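J.: Here's a structure for you.
Here, each number is a calculation from the coordinates, and none is a lab measurement. Since the model is a prediction, treat every value here as computed from it, not as a measurement. Here the Cβ is made from the backbone with ideal geometry for all residues, glycine too, and neighbour counts use every protein chain on show.
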Amino acid sequence: MLKRFIKIMGIALVMSGIFYLPDVYRYMADGVLYVGKGDGMKQMIPFQLYLYEHFKHARMWYDLSFGLGGDYFTSLSYYYSTSLVSYGTFALLHLYQLMDRQSTVEQLIHMQYVTAVLKCSFVFSATYYAAKEIGIRHKMAMLAAVLYSWSTIFYYFTFTWSFFSDVMIYLPLSVLGIERLLRRKKPLVFILSIAVTVFSNFYLAYYEMIAVGVYFLFRIIRQHEEDRFTRTRALTTTVLSAITGFMIGNIGFVAGVSSFLNNDRTLEKLKIPLLIGWSSDNNIFYGGFHLVVMFVAVIALFSFSLYRYYYYRLFAVTTWILMAGSLTPFVGSLFNGFSMPQRRWVYILAFSTAMLSALFIQHLAELSIRQLVYAAVPVVLVIIISALMQRDFHYWILYIPIILLLMMLYLKEKSTRLLNVIIFAIAMCQLTLIQDYHYGVQHKYFKTKDYMTEKVYNPAMQKEINQIKKGQADDFRRITLSDDSSVNVPMYYRFNGTMLYSSIFDKKILKFYEEELQIAQHKQKNSYYANLSGRTNLASLYNVDYFITAEDDHPTLFEKVDAFTANKTYELSKNPYPLPSVRVAEQTFAASSLHTPLARERAMLEGVVKETGTAGNFEAENILPAATLRTEYAEWTDGLLNVERDGGGLVIKLDKEQTSRYKELYITMKTDIAAPADKDFYVQVNEKKLMKPKKDYKYRREAKDIVMNIKATDDIHIHFPAGRYHLSLKSVQGEDYTSLKKAYHHYRKHPLTFTRKRNAFEVDLQGDKGTLVFPMPYAVGLKAYVDGEARPVEAVNYLMTGVPVKEGDRKVVLTYTPPYLKWGSVVMLLGLAGASLLNRWIRKNNQLS
């Protein structure tokens, strides 16, 4: 058995190598990367880099460089932190680093190819064994493995969101497990499949729960003649096995679910249509964006005489249901947790059609030529019409007449040699289809190494940031890099930043940005927060020492100190009023007494904000009522601004003598586009310009009040592109930075020493009494020890962490452990014991029977 497994794995590696040979060639010859220019470069590569560095050094689960700080293991469980495939990638990357001294970024790019080939071989092997288990013969099982592992959806997943294609291993593994359980009374493979699925990714586990659950229902509603359990026993044993597998893999699942529940993906309401719109992207027969089904599977669907075979009927019915489901976005919404429709579920259709195609070839000899022709007519017509309507020729369709002719010859001669040629021709057709898919559908998303260096990760920028980091006081200092390459640039360049692009992170951060501090951001979309809108108070509160930009958008008080050239010319400015990394605040102010973002900033500078405390008197005068307003190429009626041409809008005239007292103005406003709904737009207030997504953008968040902070002036111009906008002005307040300067001089006299250890943060105190403030988001699981004594940890300053300290205290140690880890480990051990007991119980009953 082991020798055969090694042989199959060897074949799988060869087939996977063949599949990826064109991509390896494109990389070697032209530098074309097998990494998507969108989320591939903006999320997948930086997340893997980040996790690799933290896993390699066995760092604490909570990290300061994860955006503004947070539990990166839990938050990134949607991506790679619990992926077993990623663990393998990181292990291979570590070996690679021992042999080669290139940059880690370049090495990880190389590893994408290695991981893709290995993962493809795992998909191939799992599919082969699943096919064999249901009685598909060797060569046809090989064909099923080829069609599934070489499918467009696997290519797309691995290229765009590489962690997604992990699920394409788990589906055939789960089917194999169910079949071994029902046909052989052997539960271990099924338990293993459930364990690795739920551990690796809770989101993919949800997909698998639906797919495998439906498959199991099909199997017990109409049982196979070789099944060895009664329906009741089959249901009981399978449920027990699933529970046992879940217990083994619970840690990853609980990590994912807890991150999901602690996330905020509130979207504007969008109507989901009953049917998908007609487009080549949605055409699963020709030129589809996610999946192109092999035409042989459609012929198999219309070969009704073969439905008498159990598994043929099972996969044919499944395929019909899935194809019908592909016509409505509601199926995509179901698989996406009843939210925004996504077509990621079509990997299940790819598996179903691969198995059906293999079964069709296995029973091909039982058809007549007439039956074959009748079955082929519908799909041939659909493909021809699609090619004509889409005006796009794909070379793989040249195989259709060749394969059909070979099938007809086979039906006459019943030659094994001809059958082998048919299988080979179908495999070549699939390989050609993938190249058509690459060049015809996905080519625009492929970029080169030069693009990566120019737009994403530049060695010259890395060198400059390394130089800046050498001068930083400790590991809690931050840098803001204002660049349009990727929100996750801090992960590329390995510095503490102020931004994050991730589908899941702590929802308190969005509340902080959108409601409590009303920080103006570009994009107005889910999965994103970036920088602090150049507000110097916030920069000092969050330890931002430097600001790097290629635009003239430095924070008002920051002082320009240098310029350098990377892919373009950047300016470096420095914060003249930095605060210590951690500080002991003596005064406590009640959050309920602070009503504006500016008042909250000032309170955090002069003390600490908690749920209870003294009333803070930090409100600034609202000078908007004394202003005069007029429109510019626009009409403003009942809050609706009709802008007649680009650059039109509203002008606010203030008292020059009054504004001269301030360094900066905080304009609180709410604005959103009313029409046109299908175009991105901007809102510009003097020098500050924000880009916003179109009204019908599917990941768009609700428009809320924002603070547009600008240099103090008596003329405020609010500009928009031509269109209609909802505009509401709330207040205009001035900031002279008295509170910041006061805090700066006060805390300079009380410097504290912060040290980041591998598994803890340590602070050397000076004996002051008050609240030790860590400018990082509070998380359940943080524990504090003051001179060895446990102290409570609390949420303060809206998005910071506080530890009460007494006079005479000397050292604070802050640690973090995910709250689910301890009990999750116990449940995992119980699950392993349960798997052993369940397997022994089934074997014992099997022997008795």
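J.: Using square roots of five times the C-alpha gyration tensor eigenvalues, list the equivalent-ellipsoid semi-axes of region 358-501 in whole Å, biggest first.
T.: Values: eigenvalues 661, 57, 32 Å².
Each semi-axis is √(5λ); the values are 57, 17, 13 Å.
J.: Separate question: Using Cα pairs closer than 8 Å and at least 6 residues apart in sequence, work out the relative contact order for region 547-699, in percent. Show your work: numbers first, answer last.
T.: Working: 196 pairs, mean separation 19.6, N = 153.
Taking the mean separation of contacting Cα pairs over the length of region 547-699, I get 13 percent.
J.: Kindly express, to the nearest 10 degrees and within the range 0 to 90, the angle between helix 310-325's C-alpha long axis and the longest C-alpha principal axis of the chain.
T.: 40 degrees
J.: Continuing with the same structure: How large is ³J(HN,Hα), in whole Hz, for each residue of region 571-577 in order, when computed from phi with the Karplus curve 6.51 cos²θ - 1.76 cosθ + 1.60 and θ = phi - 60°, using x for Gly and Pro?
T.: So the J values, rounded to whole Hz, are 10, 10, 10, 10, 6, x, 10.
J.: Quick one: Cα centre-to-centre distance for region 62-127 and region 619-671, in angstrom?
T.: Here the two parts' Cα centres lie 50 Å apart.
J.: Going down the list K139/K185; K670/K711; K470/K757; K523/K656; K560/K741; K610/K704, which pairs span over 28 Å between their C-alpha atoms? Walk me through the numbers before you get to the answer.
T.: On the way: K139/K185 26 Å; K670/K711 20 Å; K470/K757 18 Å; K523/K656 33 Å; K560/K741 19 Å; K610/K704 24 Å.
Among K139/K185; K670/K711; K470/K757; K523/K656; K560/K741; K610/K704, the Cα-Cα distance tops 28 Å for K523/K656.
J.: What is the local net charge at A58, summed over the other residues whose Cβ is closer than 15 Å to its Cβ (Lys, Arg +1; Asp, Glu -1)? The partial results should precede the final answer.
T.: Numbers: positive: K56, R59, R756, K757, R758; negative: E53, D63.
Overall, the nearby charge balance is +3.
J.: Please identify which residues in region 56-83 have an amide N closer than 15 Å to a label point set 7 Å out from the Cα of L821, following the Cα→Cβ vector.
T.: Those under the cut-off are 56-64, 70-77, 81-82.
J.: Could you point to the residue in G770, G325, A126 farthest towards the positive end of the chain's charge dipole, with +1 and -1 charges on the Cβ of Lys/Arg and Asp/Glu respectively?
T.: A126
J.: What is the distance in Å between the Cα centroid of region 704-727 and that of region 512-581?
T.: Cα centroid to Cα centroid, the span is 20 Å.
J.: Largest first and in whole Å, what are the equivalent-ellipsoid semi-axes of region 515-656 based on the Cα gyration tensor, each being the root of 5 times an eigenvalue? Walk me through the numbers on the way to the answer.
T.: Numbers: eigenvalues 185, 141, 44 Å².
Sorted largest first and rounded, they come to 30, 27, 15 Å.
J.: Which chymotrypsin sites (Phe, Trp or Tyr not before Pro) from region 542-647 combine a DSSP loop assignment with at most 15 other Cβ atoms within 10 Å? Walk me through the intermediate numbers first.
T.: Working: sites: Y542, Y546, F547, F558, F564, Y570, F589, F618, Y633, W636; in loops: Y542, F558, F618, Y633.
Filter output for region 542-647: Y633.
J.: Moving on to the next point. What does the convex hull of the alpha-carbon atoms of region 628-736 project to on average, in nm²? Intermediate results must be reported in sequence, preceding the final value.
T.: On the way: hull surface 25.9 nm².
Its average projected convex-hull area is 6.5 nm².
J.: Grab the other residues whose beta carbon is less than 10 angstrom from that of L594, score K and R as +1, D and E as -1, and report the net. Before the final figure, lay out each step's value.
T.: Numbers: positive: R600, R602; negative: E516, E601, E619.
Counting the neighbours of L594, the net charge comes to -1.
J.: What is the distance, in nm, between label points placed 7 Å from the Cα along the Cα-to-Cβ direction at A563 and at F393?
T.: For A563 paired with F393, the spin-label model returns 5.4 nm.
J.: Considering amide H positions built from the backbone, and no H for Pro or chain starts, which residues 5 or more places from K688, or on another chain, come under 5 Å of its amide H?
T.: For K688, no residues qualify.
J.: What do the square roots of 5 times the Cα gyration tensor eigenvalues come to for region 304-430, in whole Å, largest first, as semi-axes of the equivalent ellipsoid? Numbers along the way, then the final one.
T.: Details: eigenvalues 172, 73, 33 Å².
For region 304-430, the semi-axes come out at 29, 19, 13 Å.
J.: Pulled fully out, how much extra length does the chain show between I221 and W320, if you take 0.36 nm times their separation in residues and subtract their Cα-Cα distance? It would help to have the intermediate numbers written out before the result.
T.: On the way: separation 99, 0.36 × 99 = 35.64 nm, distance 1.81 nm.
That works out to 33.8 nm of additional length.
J.: Now for a separate question. Report Rg (one decimal) and Dmax (nearest whole number) for region 1-143, counting Cα atoms only, units Å.
T.: 17.9, 55
J.: Right, something else. Given q = 0.04, 0.10 Å⁻¹, what are the Debye log10 I(q)/I(0) values for the chain, with equal point scatterers placed on the Cα positions and solvent ignored?
T.: -0.21, -1.14
J.: If packing is taken as the average count of other Cβ atoms within 10 Å, what order do 423-431, 689-697 fall into, highest mean first?
T.: Values: 423-431: 18.4, 689-697: 16.4.
Ranked by mean Cβ neighbours within 10 Å, highest first: 423-431, 689-697.
J.: Placing one identical point scatterer on every Cα of region 86-232 and ignoring solvent, what is log10 I(q)/I(0) from the Debye formula at q = 0.11, 0.12, 0.17, 0.18 Å⁻¹?
T.: -0.49, -0.57, -1.00, -1.08
J.: Could you work out the relative contact order of the chain? I mean the mean sequence separation of Cα pairs under 8 Å and 6+ apart, divided by the number of residues, in percent.
T.: Details: 1544 pairs, mean separation 111.7, N = 849.
13 percent.
J.: What does the helix-only formula give at 222 nm for the chain: each DSSP H stretch with n ≥ 4 adding -39500 (n - 2.57), the total divided by the residues, and the result rounded to the nearest 500 deg cm²/dmol? Could you put the intermediate results ahead of the total?
T.: Details: 27 runs with 380 residues, N = 849.
Result for the chain, helices only: -14500 deg cm²/dmol.
J.: Shifting gears a bit: Towards the positive end of the charge dipole of region 628-736, with charges on Cβ (+1 Lys, Arg; -1 Asp, Glu), say which of A677, N709, H719 has the farthest Cα.
T.: Result: A677, furthest along the dipole toward the positive end.
J.: So which chymotrypsin sites (Phe, Trp or Tyr not before Pro) in region 267-373 end up in coil per DSSP with only 10 or fewer other C-beta atoms within 10 Å? Show your work: numbers first, answer last.
T.: Working: sites: W278, F285, Y286, F289, F295, F302, F304, Y307, Y309, Y310, Y311, Y312, F315, W320, F330, F335, F338, W345, Y347, F351, F360; in loops: W278, F285, Y286, F289, F302, Y309, F338, W345.
Within region 267-373, the qualifying chymotrypsin sites (Phe, Trp or Tyr not before Pro) (loop, at most 10 other Cβ atoms within 10 Å) are W278, F338.
J.: With bins 5 Å wide starting at 0, give me the P(r) of region 735-849 over every alpha carbon pair, in whole percents.
T.: Bin by bin from 0 Å, the calculated values are 2, 9, 14, 16, 13, 9, 7, 5, 5, 4, 4, 4, 3, 2, 1, 1, 1, 0.
J.: Between I11 and L235, what's the calculated FRET efficiency when r is the beta-carbon distance and R0 is 51 Å? Round to 0.05. Spell out each step's value before the answer.
T.: Working: r = 36 Å, r/R0 = 0.71.
Taking R0 as 51 Å, the efficiency between I11 and L235 is 0.90.
J.: Moving on to the next point. Write out the GluC sites (Glu not before Pro) in region 766-810 meeting two conditions: DSSP loop, and at most 11 other Cβ atoms within 10 Å of their Cβ.
T.: Numbers: sites: E789, E794, E807; in loops: E807.
Sparse-neighbourhood loop GluC sites (Glu not before Pro): E807.
J.: Going Cα to Cα from K508, which aspartates and glutamates come in below 18 Å? Please leave out same-chain ones fewer than 8 positions away.
T.: Hits, sequence-local ones excluded: D63, D71, D264, E516, E601, E611, E702, D705, E794.
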